[in-house]
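*Asks:* Take this structure first; my questions come after.
Each reported figure results from applying straightforward, stated rules to the coordinates on display, with no laboratory input. These numbers come from a predicted model, not from an experiment. When we count neighbours, we look across all protein chains shown, and the Cβ atoms used for this are built from the backbone with ideal geometry, even at glycine.
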């Protein structure tokens, strides 16, 4: 298994280089270093000398991908792309275009993101599995039919509606929690309730239907019939056999997203003014801060690759029939 | 049957017990405290003298020599103190001393160094000197940069990465100190404008005026090349002829030409004092890596200091314990006494202890929190406008009943800014100095109905412009004599736009009868270049097309991204564009320079976006800018306004009207569009705020209880059915 993991890690390098190139090209197609300088220096009374100086300080005065005036290897290495990309592979994110240390910012801002995403994931799993099991349990009854219809309706509604509607109903109308904001330590709890709840409700439709399908598939298998034939009750069959076997695809689906929890949610963090990595990325895009955009895309890619590797490993743990070769 | 009834009873009793327990828990929680649950602040802060506000865009720079943005001035204006400030109440805007002992008077000298009269010909003036005396005994806020040990040695001036291992923010330094404000600090800051690592946006402009600033910048650039990384450059070691210290409380600024507007700059944070200790402290090894920089942690003498700088969450200003105190103004303009604005006259400021600004990226949550009493003031976004404001039969804005019931107050003010549509004067169709182009532009000026635009797209929050100068700035003329005769005529008591027939006639004279070229018969096609795109802008684009269509002109919208739009503007390839300007200071020069030839975008990269050039106008501009406000200056201004109205390089557009709301517990509210240091005048009544917050935000539980009951009712038959099935025997 170790050789398999090492091989997967080795495969990750060309993927990360590719992601970096795509991010780089897309960013510089839309923004030139001059545009970035103007954005950072402000729009009023900016002169060419200030722009040139700003670019020099950050290395944006170099050619973007190919330095034809340089010698030998420097044709590649003395470029914006190389200078900005190579350090990422040792997780040296460098400084943002506004001068702040990106690694420090990431270490600060991942906690608010985790404060939302981790409880959302855990509570969401509990709720969706419970609802999925309930619908599967009452399969074919009015509970199942109306539940599925409700799920489809909920799936069809935009996430923004849940956010704005939730803020209006629970924060403004019922006055139960703050509409938006965040705080540190224990005080953060009251601010996380609403985004977690909204995230949970927003995911009910799709997740419940998916889990219901998994459980129904399991319930149609031979071992379930055998268990019933042995005289086990419906609940015992469901909770001791169907649930355990149904958890295998659920677990592997969850493992893949675990590392991405650090990245947070772009829209939720923006609407609830949560200072996480999602809003960090959105801010960087709007401020044309390439250093942060590049770092966040790289970090996202790394985490996603880690997620995929963990998924493969989790298969071997939950299903003894699977071997990594 | 009996068995079924038992099952039903058992189910009901079990679920009722669970529901009851849940409701009891909720009631228990509600009974814990009477304070609102949705309070985003700690409950123990409710009675405190804290001002609450929000901000939507994080500040980019908090270094006073780099910052040039209103969202940064909200913080900087309270921390740093330039020599001058604007009077809070008087109108027209009036400069008064802040740390200075009085308004500095310019002294004019000729080439031989002979003192000239105040009204000397500007061409004979070779040097202008401003001697600024500052008040003694002004202290800086507590800051580790000033901390010294018993032997007088700075505690934190020999830091390195190792010593900083346990330091993560400025508050982690155990000891703080202070020192007196000195004249050298102001000189130091002026020198920083030329610092190669600082990027002051006004360095180019100031180099034109402050004697020797350009050479000083070149000298510092050479020095910087020998200094590694971000190591400290002590600017006190280098002389700048245009700024020198006379004694501890006096310094002198020398300009190379007459520039009366310079005094206005002395009220901006670019000219705030900077102690060398601060710059040294922040330049030490390891500080930048910890994000502890001067651009992040300001050091000032003002009434407040930044105690928390977390622009991703909140910015907190706290009362500076070393602040000397300042008296609330005892005179204002007429009506201020009656409206209670002089109630605090003579009282020592600041009134509040702390100001908390929370990040609100989205307008809806910010608006709702204002209505709940969690923000003391608010602007009005378009989405909420109808909820907050209605227009009465006279066309005056007033608050809706909902707002009035909450005791919310409305303030309006015509801003000292202008939002216009420019014609690129370098364009061969719409631009140029020919009579054809001039008539074409005038025809369009009549046709685009800005009154309608303001009504539809700005909720009535605008005043149609008659020229480049907004109301409230010297040179703006109100009433019949102040209208633009090329677009308006005076009817009754208000200006009325010329008829569309008159516009068509002008268009025909320009050679485009019914919008068609009279030579080739083709329809005239014009292009509006805009950085706005997407569905949000479609309505205004459609409206604009409709306006041009009245003349038979086909307006093509060339929407592009912001960067490409800026590039088009710089290169002069845009044809018609929408632009705006917000006054730096209340002087007509700050608007006329937008039309001054040598400030054109093309070739000069200036702020004259229309690339307008008129020799007569430029000459008058040079004459006007060095005049003080007087009847003679007004005559020159009138001539300049007439020239640009005739040439019509802009559709003059409108001057936005700012609407702001505040709660009844917020006192001393008066719009002041020039001052940046307004926080010290604000007063809060926390008791009234707490009462209203509690009243407005009591938790509402019945919908939750209803939801639980409904869920039980819906699930009960299924549960009963399941239990019946489970207990049924085959036989």
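*Asks:* Among A:140, A:264, A:165, determine the one that fluctuates most according to a GNM of chain A built with springs between C-alpha atoms less than 10 Å apart.
*Replies:* Sorting by GNM fluctuation, first place goes to A:140.
*Asks:* Using only the alpha-carbon atoms, what does segment B:576-644 span along each of its principal axes? Please give whole angstrom values in decreasing order.
*Replies:* For segment B:576-644, the Cα extents along the three principal axes come out at 35, 25, 19 Å.
*Asks:* Follow-up. Hey, what's the per residue convex hull volume over the C-alpha atoms of segment B:131-202, in cubic angstrom?
*Replies:* About 150 Å³ per residue, rounded to a whole number.
*Asks:* Over segment B:326-374, what lengths in whole Å, largest first, do the semi-axes of the equivalent ellipsoid take, defined as the square roots of 5 times the eigenvalues of the alpha-carbon gyration tensor?
*Replies:* So the equivalent ellipsoid measures 31, 16, 9 Å along its semi-axes.
*Asks:* A further question follows. Return the calculated 222 nm mean residue ellipticity for chain B, to the nearest 500 deg cm²/dmol, obtained by summing -39500 (n - 2.57) across DSSP H runs with n ≥ 4 and dividing by the residue count.
*Replies:* About -9500 deg cm²/dmol.
*Asks:* Here's another thing I want to ask about it. Need the full-extension length gain, residue B:385 to residue B:695, defined as separation in residues times 0.36 nm minus the C-alpha distance. One decimal, nm.
*Replies:* 109.2 nm
*Asks:* Further, regarding this structure: If neighbour count is taken as other Cβ atoms inside 10 Å, put B:178, B:301, A:184 in order from fewest to most.
*Replies:* Going from least to most buried by this count: A:184, B:178, B:301.
*Asks:* What span do the alpha-carbon atoms of segment A:2-90 cover on each of the three principal axes, reported in whole Å from largest to smallest?
*Replies:* The Cα atoms of segment A:2-90 stretch 59, 30, 21 Å along the principal axes, largest first.
*Asks:* Over chain B, what number does the Rg to Rh ratio reach, with both radii from the alpha-carbon atoms and Rh per Kirkwood?
*Replies:* 1.06
*Asks:* How far apart, in nm, are two points set 7 Å out from the Cα along the Cα-to-Cβ line at residue B:179 and at residue A:145?
*Replies:* 8.4 nm
*Asks:* Averaged over every viewing direction, what's the projected area of the C-alpha convex hull for segment B:403-484? Give it in nm², one decimal, please.
*Replies:* It is 7.9 nm².
*Asks:* Please list the three semi-axes, largest first and in whole Å, of the ellipsoid equivalent to segment A:245-302, using sqrt of 5 times the eigenvalues of its alpha carbon gyration tensor.
*Replies:* 28, 14, 6
*Asks:* Also, quick follow-up: Report the convex hull volume per residue for segment A:102-318, counting only C-alpha atoms, in Å³.
*Replies:* So the per-residue hull volume is 144 Å³.
*Asks:* Across segment B:92-138, what fraction of all alpha-carbon pairs, as a whole percent, falls in each successive 5 Å bin from zero upward?
*Replies:* 5, 20, 20, 15, 14, 15, 7, 2, 0
*Asks:* Still on this structure, I have one more. Going by how many other beta carbons lie within 10 Å of each one, how would you line up B:542, B:587, fewest first?
*Replies:* Sorted ascending by nearby Cβ count, the order is B:542, B:587.
*Asks:* May I ask what percent, to the nearest 5, of DSSP beta bridges between residues of segment B:417-658 are antiparallel?
*Replies:* Here the antiparallel bridges make up roughly 65 percent for segment B:417-658.
*Asks:* For a quick check, take a GNM of chain A with Cα springs below 10 Å and name the residue from A:149, A:313, A:263 with the largest mean-square fluctuation.
*Replies:* Most flexible of the set in this elastic network: A:149.
*Asks:* May I pose another question? Going by C-beta contacts inside 10 Å, put A:241, B:604, B:61 in order with the fewest on the left.
*Replies:* The order, fewest Cβ neighbours first, is B:604, A:241, B:61.
*Asks:* When N is the residue count of segment A:80-153, what does its C-alpha Rg come to as a fraction of 2.2 N^0.38 Å?
*Replies:* Taking N as the residue count of segment A:80-153, the ratio is 2.01.
*Asks:* Continuing with the same structure: Report, in degrees rounded to the nearest 10, the 0 to 90 angle that the Cα long axis of helix A:290-318 makes with the longest principal axis of chain A.
*Replies:* 30 degrees
*Asks:* What angle do you read, to the nearest 10 degrees and between 0 and 90, between the alpha-carbon axis of helix A:243-255 and the longest principal axis of chain A?
*Replies:* Once rounded, the angle reads 10 degrees.
*Asks:* What is the list of residues in segment B:617-643 whose amide nitrogen lies under 17 Å from a point 7 angstrom out from the Cα of residue B:118, following Cα to Cβ?
*Replies:* Output list for this probe position: B:626-634.
*Asks:* Something else: Determine the percent antiparallel among the DSSP beta bridges restricted to chain B, to the nearest 5.
*Replies:* Around 80 percent of the beta bridges assigned by DSSP in chain B are antiparallel ones.
*Asks:* More than 25 angstrom separation, counting every C-alpha pair in segment B:468-627; what % is that?
*Replies:* More than 25 Å apart: 49 percent of the Cα pairs in segment B:468-627.
*Asks:* If each of residue B:605 and residue B:70 carries a label point 7 Å out from its Cα toward its Cβ, how far apart are those two points in nm?
*Replies:* About 2.7 nm, to one decimal.
*Asks:* Still on this structure, I have one more. Kirkwood Rh and Cα-based Rg: tell me the resulting Rg over Rh for the protein assembly as shown, rounded to two decimals.
*Replies:* A ratio of 1.01.
*Asks:* Under 1.5 on a/c is rounded, so check that first for segment A:42-101, then, if it is not, pick prolate when a/b is larger than b/c and oblate when it is not; a ≥ b ≥ c are the square roots of the alpha carbon gyration tensor eigenvalues.
*Replies:* In terms of gyration-tensor shape, oblate.
*Asks:* In a Gaussian network model over chain A where Cα atoms closer than 10 Å are linked, find which of A:78, A:222, A:97 has the largest mean-square fluctuation.
*Replies:* Residue with maximal mean-square fluctuation among A:78, A:222, A:97: A:222.
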